[in-house]
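Everything on this sheet refers to the single structure shown next.
The numbers here are math on the coordinates, done by the rules we state, and not lab data. Just so you know, these numbers come straight off a predicted model, no measurement behind them. Backbone-built Cβ (ideal geometry, glycine too); neighbour counts: all protein chains shown.
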Amino acid sequence: MEKITKSYGNRITRKWERSSEPSGLGKNREGQLKRCNQIVGLIWLALGSGIALEAVHLGLGEWTLPGIGFMPFWVGVLLGSSGFILTLFATLKGKERDDKTWAGENWKNILLPLIALFIYVGLMRPLGFLLSTFLLIFFLFKMTAPKKWLSPLMTSVVVLFFSYLIFFVWLKVPLPKGFWGMG
């Protein structure tokens with residue numbers, strides 16, 4: 001049901017009202033979604049358990065000197081735990097959400113950061129860590145506050161400073177310098 005209201009002077013905006021009618025999901029559909037989540041959760045649980053068990057066979061090593069199976073073991077534990085939680089919530093949840101989980105979302109706010117991350121990875125070598133990271137952080141903050149310039153600029157500089165201190169100075173990670181030799 002569409003309702004037209006006037007706001008901001010003469011500008012007409014349209015608001016979609018939800019009708020009081022059911023969303024169209026019958027009990028059969030809700031049961032199917034619940035069952036699907038349970039099956040997917042069990043698949044992730046089994047996959048994570050298998051990865052963790054195979055990683056134990058590779059050798060975990062010690063905390064101070066991890067073996068080849070250390071990281072795969074913890075990845076398997078996290079994957080299996082996520083599957084267990086998904087299965088548990090799907091089983092205990094009484095009523096499933098409807099299919100409109102992403103309805104009304106502004107897809108620009110979802111796709112632009114994802115595209116920006118791919119561009120960031122591509123620009124890391126030619127521009128270097130400092131410049132490409134500054135541009136990424138500035139773009140992401142500018143997206144959230146499109147009218148202001150000072151706040152995203154200052155936040156980007158602070159984030160860049162601390163990331164430089166952590167990765168380059170403290171952890172001594174060899175960061176890409178770019179064609180200017182900075183970083």
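The base-10 log of I(q)/I(0) for the range 27-92, evaluated at q = 0.17, 0.23, 0.24 Å⁻¹, reads -0.60, -0.82, -0.86 [Debye formula, identical scatterers on Cα atoms, solvent excluded]. TRP180 to ALA46: FRET efficiency via 1/(1 + (r/R0)^6), r the Cβ-Cβ distance, R0 45 Å, to the nearest 0.05? Step by step, r from the Cβ atoms, then E = 0.35. Against the compact-protein benchmark of 2.2 N^0.38 Å, the Cα-based radius of gyration of the range 107-170 scales to 1.14. Taking Lys and Arg as +1 and Asp and Glu as -1, the other residues whose beta-carbon sits under 14 Å from that of MET154 total +2.
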